[in-house]
Amino acid sequence: MKSNKRMYIKIIDILEKSPRSRKELIDEYILSLGLTREQLADRRTGGRANVERSKIGPVINEMKARGMITKSPEGIYYAADQKPIVIRNGRCESEIIKMLASKEMTRSDIRRELVKIFGTEKTVTEKDDNKLFSYMGEALRVLVREGVLVQNGNSYALAGKTVAKIDDINGMLELRNIFLSRLHKKGGEFFENYFMTLLGKYVSLFGKTVVTNTTTGGSADGGIDGIMETVDPLGFREKVMVQMKNRSDTTIETTVRGFYGAVCAAQGSRGIFATTSDFHPAADRFLKSIDNCVGVDGDMIFKMAMQTHYGIRKSGTEYTVDDHII
């Protein structure tokens with residue numbers, strides 16, 4: 001493993017930018033070596049480009065066997081067990097607020113939890129770790145400066161604000177994360193029942209009548225966690241199929257594709273994939289490429305709760321988490 005470490009790092013760096021087919025991965029690896037035009041054009045067996053191609057193929061196979069990269073049924077390669085590391089500054093802030101919603105933590109504790117959440121310990125490169133720690137440091141500074149967090153030596157805690165006004169951006173950010181943190185701690189079964197009820201209330205706001213609204217439950221649900229049948233004012237009926245994940249890790253394209261396949265197989269009119277976290281850019285692109293399936297992330301769930309007042313209570317211009325619901 002040691003002799004091929006540079007090759008491992010280059011391959012994972014390529015895949016963390018975007019998943020690739022085997023040919024695309026090999027071609028981009030060869031281009032990353034900085035070969036001259038003459039070397040790239042040399043088609044002889046002993047030419048530098050062909051020698052490097054003969055090396056990279058077995059390394060890709062070895063990395064797949066070791067679980068460092070994975071391949072989808074469509075032949076697309078991904079880094080880190082089909083979960084490419086996506087680190088976003090906004091999500092870093094959100095995760096910090098979530099974990100501090102229940103207890104005070106030291107900087108080291110926060111760092112350790114963020115590594116687990118983003119999965120950066122699974123990669124051989126330190127680039128993603130450094131990026132994550134940079135975001136963490138900046139997020140902590142901003143949140144303390146803006147009064148969202150209080151710092152006591154090397155420890156951090158929420159400032160305790162659980163009520164926010166709609167025009168208070170920082171207050172709403174904290175309220176959203178307290179809401180999602182509570183929802184996450186309730187577990188998968190609670191989330192499924194909560195979201196299906198929330199969805200029913202939400203579609204009713206737009207003139208649809210909910211005819212049936214059920215959670216399927218169990219491990220043999222075929223990828224469908226909930227089914228809702230609706231009828232609009234003109235009498236058009238729809239059968240909406242829902243998958244719900246109460247999780248902190250990013251939802252990847254392969255997972256969404258699997259759900260969409262289940263919706264099509266069950267002849268559903270529409271599909272909704274709901275997660276308390278967010279979607280990988282590739283998963284988001286796939287959802288936008290189809291017209292009968294959408295993704296609902298943690299931000300959207302919070303907005304739905306605000307609009308329906310189910311999970312979030314409104315009093316005048318102030319919002320707060322509804323303790324009777326969550």
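Pick from GLU174, GLU192: which is closer than 30 Å to ARG145 by Cβ, open to solvent by less than 60 Å² (accessible area, probe 1.4 Å), among the acidic types (Asp, Glu) and within 23 Å of the chain's Cα centre (by Cα)?
GLU174
Among residues belonging to the stretch 64-84 that are part of a loop (DSSP other than H, G, I, E, B) and either over 24 Å from THR251 (Cβ atoms) or touching a strand residue (DSSP E or B) at 6+ places or on another chain (Cβ under 8 Å) (or both), point out the one that is modelled with the highest pLDDT. So that I can check it myself, show each step before the final result.
From the stretch 64-84, those part of a loop (DSSP other than H, G, I, E, B) are 67-68, 72-75, 80-84; that's our starting set.
Cutting the leftovers down to either over 24 Å from THR251 (Cβ atoms) or touching a strand residue (DSSP E or B) at 6+ places or on another chain (Cβ under 8 Å) (or both) gives us 68, 72, 75, 80-82, 84.
Working: MET68: 77, SER72: 80, GLY75: 84, ALA80: 60, ASP81: 46, GLN82: 41, PRO84: 43.
Residue satisfying both the conditions and the ranking: GLY75.
I'm trying to understand the selection: among the residues of the stretch 4-27, which are part of a helix (DSSP H, G or I), under 26 Å from the mean Cα position of the chain (by Cα) and surrounded by 14 or more Cβ atoms within 10 Å (Cβ to Cβ)?
Here is the first cut: in the stretch 4-27, the residues part of a helix (DSSP H, G or I) are 5-17, 22-27.
Among the residues that remain, those that are also under 26 Å from the mean Cα position of the chain (by Cα) are: 8-17, 22, 24-25.
Answer for the stretch 4-27, where residues must be part of a helix (DSSP H, G or I), under 26 Å from the mean Cα position of the chain (by Cα) and surrounded by 14 or more Cβ atoms within 10 Å (Cβ to Cβ): TYR8, ILE9, LYS10, ILE11, ILE12, ASP13, ILE14, LEU15, GLU16, ARG22, GLU24, LEU25.
Go over the candidates VAL294, VAL242 one by one and state the one that is among the aliphatic types (A, V, I, L, M), in contact with a Leu (Cβ under 8 Å, 6 or more places away or on another chain) and surrounded by fewer than 19 Cβ atoms within 10 Å (Cβ to Cβ). Steps first, please.
Values: VAL242 fails: surrounded by fewer than 19 Cβ atoms within 10 Å (Cβ to Cβ).
From the options VAL294, VAL242, the qualifying one is VAL294.
Quick check on LYS161: is it more than 23 Å from MET68 (Cβ to Cβ), touching a helix residue (DSSP H, G or I) at 6+ places or on another chain (Cβ under 7 Å), at pLDDT 80 or above and surrounded by fewer than 20 Cβ atoms within 10 Å (Cβ to Cβ)?
On the way: more than 23 Å from MET68 (Cβ to Cβ): yes; touching a helix residue (DSSP H, G or I) at 6+ places or on another chain (Cβ under 7 Å): yes; at pLDDT 80 or above: no; surrounded by fewer than 20 Cβ atoms within 10 Å (Cβ to Cβ): yes.
So LYS161 fails the test.
Which ones in the stretch 297-326 are open to solvent by less than 80 Å² (accessible area, probe 1.4 Å) and among the β-branched types (Val, Ile, Thr)?
ILE301, THR308, ILE312, THR320, VAL321, ILE325, ILE326 - these are the residues of the stretch 297-326 that are open to solvent by less than 80 Å² (accessible area, probe 1.4 Å) and among the β-branched types (Val, Ile, Thr).
Output the residues belonging to the stretch 253-291 that are in contact with a Leu (Cβ under 8 Å, 6 or more places away or on another chain) and either more than 24 Å from ARG91 (Cα to Cα) or not in a strand (DSSP E or B) (or both).
Correct list: VAL256, THR276.
Looking at (1) modelled with pLDDT under 85; (2) in contact with a helix residue (DSSP H, G or I) (Cβ under 6 Å, 6 or more places away or on another chain), which one does ASN170 not meet, given that it meets all the others?
(2)
Got at least one residue in the stretch 292-300 being outside any helix (DSSP H, G or I), of a type in the set (Gly, Ala, Ser) and free of Cβ contacts under 8 Å to residues at least 12 places away in the same chain?
no
Look through the stretch 257-281, keep the residues that are buried (at least 19 other Cβ atoms within 10 Å of the Cβ) and among the aliphatic types (A, V, I, L, M), and return whichever of them is nearest to SER72 (Cα to Cα).
Residue satisfying both the conditions and the ranking: VAL263.
Quick grid of which residues meet (1) touching a Gly at 6+ places or on another chain (Cβ under 9 Å); (2) at pLDDT below 90; (3) part of a loop (DSSP other than H, G, I, E, B); (4) surrounded by 20 or more Cβ atoms within 10 Å (Cβ to Cβ):
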| position | (1), (2), (3), (4) |
| --- | --- |
| GLU38 | no, yes, no, no |
| GLU62 | no, yes, no, no |
| VAL86 | no, yes, yes, no |
| CYS92 | no, yes, no, yes |
| SER108 | no, no, no, no |
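Tell me the residue from LEU183, LEU205 that is open to solvent by less than 30 Å² (accessible area, probe 1.4 Å), in contact (Cβ under 8 Å) with a residue 60 or more places away in the chain and farther than 30 Å from ARG20 by Cβ, please. Break it down into steps so the answer makes sense when it comes.
Working: LEU205 fails: open to solvent by less than 30 Å² (accessible area, probe 1.4 Å).
Answer to the selection: LEU183.
Taking only the stretch 111-146 into account, find how many residues are within 19 Å of ARG182 (Cβ to Cβ) and modelled with pLDDT of 85 or more.
Looking only at that region, the number is 1.
The values are calculated or read from the model by the stated rules, or taken from the named source; none is laboratory data. Given the structure is predicted, the values throughout are model-derived calculations rather than measurements. Ideal geometry is used to build each Cβ from the backbone, glycine not excepted, and the neighbour counts take in all protein chains shown. Note: accessible area is taken over every heavy atom of the protein model, side chains too, but ligands, DNA and RNA are not part of it. Shrake-Rupley method; radii C 1.70, N 1.55, O 1.52, S 1.80 Å.
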